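The values are calculated or read from the model by the stated rules, or taken from the named source; none is laboratory data. Because the structure is a prediction, the values reported are computed rather than measured. Positions of Cβ are generated from backbone atoms using ideal geometry, with glycine treated the same way; all protein chains shown enter the neighbour counts. Only protein heavy atoms, including side chains, enter the accessible area calculation; ligands, DNA and RNA are left aside. Shrake-Rupley method; radii C 1.70, N 1.55, O 1.52, S 1.80 Å.
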Amino acid sequence: MSSGGNVVVLDRGNNTTLTIHVHGATIVSWRVNNQEQLFVSKQAVFDNKKPIRGGIPIVFPHFGSWSVGPQHGFARISRFHLEKPPTRLETGDVEVILSLCDNENTRSVWNHGFKLAYRLLLREKELHMKLSVVNTGMTDFAFNILLHTYFKVPDVNRCFITGLQGCMFIDKTRDGALYQETREAVSVAEYIDRIYQNTPDEHVINNVVGCRKMRIHKFNLPDTVVWNPWIDRAREMIDFGDDEYPNMVCVESGRVNTPVLLPPGVLYEATQVLQVM
């Protein structure tokens, strides 16, 4: 275990590790039995200024384009404080807590008092993420929150995502039109950017690393975003390789369709558990 400089490393043994960059508290590596589960672009920029392209960035307090601040909010480009260094529990699991409080930079675009805490627990084949937001100010505020998870896959054409059938979704590739998902398993074979609404608490991605399955279990994160830029949009991003899109898929748990309204002193909590099956 280590927590120096810009990265924090959790080591559970058996080549199972977690690496978090304090810039955005972005998880940049999760290895299970030495197999990397997350995609990070080879062209990702680590300059402590731009968001890191890949891993698990935190979207807060806004999702999407923002007229008053950076796209997807400021959390993913803010330096988090290491509140509790990596600690081994009696179970052998390892936990860490990072946090972000309002400061001069955040108040310049979003004038609210808050504390965002991020507890991570590394288990043998699971990664537990808990997000807590408390309103430390004097007035209500509304916010979006999302875990922008980039999963590493050998071939996105062979991936299938379950748990979305029957859900309504906003299709951002078709001018935000609203549709209903009819498929039992969603495949990705072209540019996709969808916000599925009021989704079940569990999804399974088939054919991830090692031809295994990845279970996503979430609480208080009612929306699921599915995204892959495909070839044309990959070429438009300077921090994403032209040929990398077949090896990733974003399945993102969040609360984006209807913002959370948080009164002063009130706590909001949400969790996501990723399990290699």
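See the values below:
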item	result
Given (1) over 23 Å from R53 (Cβ atoms); (2) in a strand (DSSP E or B); (3) under 20 Å from the mean Cα position of the chain (by Cα); (4) not β-branched (V, I, T), index of the condition L178 fails	(3)
Selected residue (only one of G5, G13 is without any contact (Cβ under 8 Å) to a residue 60 or more places away in the chain and farther than 20 Å from L116 by Cβ)	G5
Residues (free of Cβ contacts under 8 Å to residues at least 24 places away in the same chain and within 17 Å of H23 (Cα to Cα)) located in the range 85-102	I97, S99
Filter pass, I238 being surrounded by 15 or more Cβ atoms within 10 Å (Cβ to Cβ) and either on the phi < 0 side of the Ramachandran plot or small (G, A, S) (or both)	no
Total residues in the range 137-180, condition open to solvent by 80 Å² or more (accessible area, probe 1.4 Å) and without any contact (Cβ under 8 Å) to a residue 40 or more places away in the chain	7
Filter result for R76 (in contact (Cβ under 8 Å) with a residue 12 or more places away in the chain, buried (at least 20 other Cβ atoms within 10 Å of the Cβ) and under 26 Å from I216 (Cα atoms))	yes
T91 being closer than 19 Å to Q275 by Cα, among the hydroxyl-bearing types (S, T, Y) and open to solvent by 30 Å² or more (accessible area, probe 1.4 Å)	yes
Elements of type strands (runs of 3 or more DSSP E) contained in the range 37-146, each with 2 or more residues being under 15 Å from the mean Cα position of the chain (by Cα)	114-122, 126-135
Verdict on T106 being polar (S, T, N, Q) and touching a Gly at 6+ places or on another chain (Cβ under 7 Å)	no
Of the criteria (1) farther than 25 Å from L122 by Cα; (2) open to solvent by less than 70 Å² (accessible area, probe 1.4 Å); (3) not charged (D, E, K, R), which one Q272 fails	(1)
Hits in the range 242-262 - residues which are open to solvent by 50 Å² or more (accessible area, probe 1.4 Å), touching a residue at least 40 places away in the same chain (Cβ under 8 Å) and over 16 Å from L146 (Cβ atoms)	N247, L261
Residues being in contact with a helix residue (DSSP H, G or I) (Cβ under 9 Å, 6 or more places away or on another chain), under 17 Å from L221 (Cα atoms) and of a type in the set (V, I, T) - total across the range 150-208	1
